[in-house]
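This structure is in structure tokens; I'll ask about it shortly.
The values are calculated or read from the model by the stated rules, or taken from the named source; none is laboratory data. Since this is a predicted model, take the numbers as computed values, not measurements. Counting neighbours? That spans all protein chains shown, and the Cβs are built from the backbone with ideal geometry, glycine included. For the accessible areas, the whole protein counts, side chains as well, though only heavy atoms, and no ligand, DNA or RNA atoms are used. Shrake-Rupley method; radii C 1.70, N 1.55, O 1.52, S 1.80 Å.
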Amino acid sequence: MLNMNQAELRLPNEILTKAIKSGNEYGWKKEDVLCTIEAARQIPMATIGGQVQYVWPDGTCELYWLSYDSEKRKINENWISYCNRTALECSEKFKALITTDIEEEAINSFDTIKIKHESGIVLIDHQIFILYFNDSPI
């Protein structure tokens, strides 16, 4: 199993085995993001959000402006409501984000990605979606 922070360790094994390490962060392929958010909600853990990255052996390109963050916990918001709300917010923002041309954004933003693309590398194979969680109801 991957060396993850405490919140991520609470995710089910079938979710953890799909995680991809990027520095000290963990992400998932596009097709695994919504089920990862739902798994966190069921624990219950809050989903803070995340952003798109392209991960290569020689470095990472983070498209930090392509994010799907939830709102902070509201005053007097109970834990279950917070977990449910953040799952919904992140899921909806993620679904909206993936309707955009992320690959084109990456090619236009990073020379390194443009060069890799022009050399025939399949960019989607290196695209991940970072997720952050909060498992502390305090």
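Dipole magnitude of segment 28-68 about its Cα centre, charges +1 at Lys/Arg Cβ and -1 at Asp/Glu Cβ only, in debye to the nearest 20? Mind dumping the intermediate values first?
Values: 3 positive and 5 negative charges, 26 e Å.
Using only the charged Cβ atoms, the result is roughly 120 debye.
Let me ask something additional. Per residue, how much accessible area does the chain show when a 1.4 Å probe rolls over the protein heavy atoms, in square angstrom?
On the way: 7610 Å² over 138 residues.
Per-residue value: 55 Å².
In square nanometres, what is one fourth of the surface area of the convex hull spanned by the alpha carbons of the chain?
Working: hull surface 33.4 nm².
So the Cα hull casts an average projection of 8.4 nm².
Moving on to the next point. For the chain, find the longest principal axis of its Cα atoms and tell me its angle to the long axis of helix 30-42, 0 to 90°, nearest 10.
10
Nearest 500 deg cm²/dmol is fine: what mean residue ellipticity at 222 nm does the chain get from its DSSP H runs of n ≥ 4 alone, each adding -39,500 (n - 2.57), divided by its residue count? Mind showing how you got there, number by number?
Details: 6 runs with 56 residues, N = 138.
The per-residue figure over the chain is -11500 deg cm²/dmol.
What is the pair-distance distribution P(r) of segment 83-134, computed from all Cα-Cα distances in 5 Å bins starting at 0, with each bin given as a whole percent?
Result returned by the calculation: 4, 16, 23, 19, 14, 12, 8, 4, 1.
So, one more: Project the alpha carbons of segment 15-76 onto their principal axes and report the range along each, largest first, in whole Å.
That works out to 45, 26, 20 Å along the principal axes.
Helix 79-97 against the longest principal axis of the chain: what's the angle in degrees, Cα atoms only, rounded to the nearest 10?
It is inclined by approximately 20 degrees.
Something else about it: List the residues, sorted by chain then number, that are 5 or more residues from PHE133 or on another chain and whose placed amide H is less than 5 Å from its amide H.
When sequence neighbours closer than 5 places are left aside, the close amide H contacts are ILE48.
Within segment 1-89, how many Lys pairs sit with Cα atoms under 19 Å apart, leaving out pairs fewer than 8 places apart on the same chain?
On the way: LYS18/LYS29; LYS18/LYS30; LYS21/LYS29; LYS21/LYS30.
Lysine pairs satisfying the spacing and distance rule in segment 1-89 number 4.
Can you spot the aspartates and glutamates whose alpha carbon is less than 17 Å from LYS95's alpha carbon? Ignore those fewer than 8 places along the same chain.
GLU31, ASP32, GLU38, ASP69, GLU71, GLU103, GLU105
Hey, could you pull the Cα Rg and Dmax for segment 53-99, both in Å?
Values for segment 53-99 (Cα only, Rg and Dmax): 14.3, 45 Å.
Quick one: with all protein chains in place, what share of the accessible area of segment 1-125 is carbon or sulfur, to the nearest percent (1.4 Å probe)?
Numbers: 3580 of 7050 Å².
The computed percentage sits at 51.
Just the number, please: Stokes-Einstein D of segment 6-45 in µm²/s, Kirkwood Rh from C-alpha pairs, 20 °C, 1.002 mPa s. Could the numbers behind the result be given before it?
Numbers: Rh = 10.3 Å.
Translational D for this selection: 209 µm²/s.
Let's see if you can work this out: charge +1 on each Lys and Arg Cβ, -1 on each Asp and Glu Cβ, no other charges. What is the dipole magnitude of segment 31-138 about its Cα centre, in debye to the nearest 20? Intermediate values should be presented prior to the final figure.
Details: 9 positive and 18 negative charges, 111 e Å.
The calculation lands at about 540 debye.
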